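Okay, structure first, notes after.
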Amino acid sequence: MLALLAAPTGDIASAEDALSDAFERALQRWPQDGVPGNAEAWILTVARNRLRDLWKSSAYRLTRPLPDDHDPVEASDEPAEIPDRRLELMLVCAHPAIAPDARTPLMLQTVLGVDAAAIAGAFAVAPATMAQRLVRAKKRVRDARIPFVLPERADLADRLPGVLEAVYGAYAIDWQSTPQGAVLDSLSTEALHLALILAELLPDEPEVLGLAALLSLCEARRDARHDADGRFVPLDAQDAARWDRAVIECGERMLTRAHGFSSPGRFQYEAAIQSAHCARPVDRAALRRLHRALVRIAPTLGAVVALAALDGEIDGPRAGLRSLDAIDDPAVTRFQPAWVTRAHLLSRAGRTDDAVRAYRRAIELTPQAEVASYLRRTLDGLT
């Protein structure tokens, strides 16, 4: 609905205000009048009427002139079904006219509804800085008159990486913050839905297929992340019988199709790593080869730490600690997975006191209560 409302003028901020006003009116009227048969069309119509009143105001016309081809009649149309225009909106947010550091945050907020504070935390910037960045980006969309349409194939190649990063970022934020049991209508479900739509729209883009496969394979294991008592269960200790095999098979089919294009990329390697984790017993040597390939093309801190952990499993804890110590990134001192890996390796190496200190630091950096409880239980086992 936001995409439909913003499309005529490119004014995302005004469309957000109009949509918020429509939801407020629904909350006021529906308890007395009942929910309309076509609730989405009702909300869209109220929001469009709100925008139409805004467009008629002299203040708006002086500060934000409408495009020459704007048809005010379109704003009064009442569709029988609301089309899914989120992908067009995402591609608008990935337009080259938008500052690179604002594209993914803008997509996360406008398309997937991620709170600005959560976005700021994910990008390690102050909330006020992120808020200003988002305001500037929305103004740029409006002033540049970026059309809400699917771009040509050549332009799509330039914008697609940003879209994939936004979908992946939304999934990662939700995976890290959603409480146990809060699955319905969660952000990760929306991110998976958008990834599958992308795969349907662009079936010949291997990285699109890789992202859809990656999210499918991760989401298939969500229920197994906690035991019957709600306690966190790490991947290697999960009950594979609780995994959703139909979703895993869907992910495997998309990964196989992506592999057929012989154009490997980051999301394909990450999907292949998750596929390897879905096989029992896990082939650690194959898993390390995949991680090494991933680090060559996308040396993220998470990928490098995961590779160090595998070095520790295969070559022994001291080798893993050497790999961990060799990471040349100051952010590693604030990276929770690095401290969990260090604590585990130190414990295996018999350095209990150092392991205790590492576990305590990992717990301090863990935002999920159930994961922190798991780490405390592990720490208690050492002391």
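Here, each number is a calculation from the coordinates, and none is a lab measurement. This structure is a prediction, so every number in the text was calculated from the model and none was measured. A quick note on method: Cβ atoms are made from the backbone with ideal geometry, for glycine too, and the neighbour counts reach across all protein chains shown.
Database remark: amide H of His226 closer than 5 angstrom to the amide H of Val233 (H placed geometrically; neighbours at sequence offset of 5 or more, or on other chains; Pro and chain starts carry no H).
From the Cα gyration tensor of region 277-362, with a ≥ b ≥ c the square roots of its eigenvalues, which class applies: rounded if a/c is under 1.5, or else prolate if a/b is larger than b/c, or else oblate? The partial results should precede the final answer.
Working: a/c = 1.97, a/b = 1.29, b/c = 1.52.
Oblate is the answer for region 277-362, as a/c is 1.5 or above yet b/c matches or exceeds a/b.
Which whole-number percent gives the relative contact order of the chain, counting Cα pairs below 8 Å spaced six or more residues apart? Each step should come with its number before you reach the end.
Working: 448 pairs, mean separation 40.3, N = 383.
Worked out over the chain, it gives 11 percent.
Between helix 100-110 and the chain there is an angle of about 70 degrees, using the helix long axis and the longest principal axis of the Cα atoms. With r as the distance between the Cβ atoms of Asp53 and Asp236 and R0 = 56 Å, compute the FRET efficiency 1/(1 + (r/R0)^6) and round to 0.05. Result of the calculation: an efficiency of 0.45. For region 150-159, 3J(HN,Hα) computed residue by residue from phi via the Karplus equation (6.51, -1.76, 1.60; θ = phi - 60°) reads 6, x, 5, 4, 5, 5, 4, 4, 6, 8 Hz, glycine and proline entered as x.
Just check region 84-202 against the gyration tensor rule for me: Cα atoms, a ≥ b ≥ c as the square roots of the eigenvalues, rounded for a/c under 1.5, and otherwise prolate or oblate depending on whether a/b exceeds b/c. Note, shape of region 84-202 comes out oblate. Rounded, prolate or oblate: which fits the chain, taking a ≥ b ≥ c as square roots of the Cα gyration tensor eigenvalues, rounded meaning a/c under 1.5, else prolate when a/b beats b/c? Prolate is the answer for the chain, as a/c is 1.5 or above and a/b outweighs b/c. To the nearest ten degrees, helix 301-315 and the longest principal axis of the Cα atoms of the chain are 20 degrees apart. Derived scalar couplings between HN and Hα for region 36-49 equal x, x, 10, 4, 5, 5, 4, 5, 5, 5, 4, 5, 5, 4 Hz in order, rounded to whole Hz, by the Karplus curve 6.51 cos²θ - 1.76 cosθ + 1.60 (θ = phi - 60°), x for Gly and Pro.
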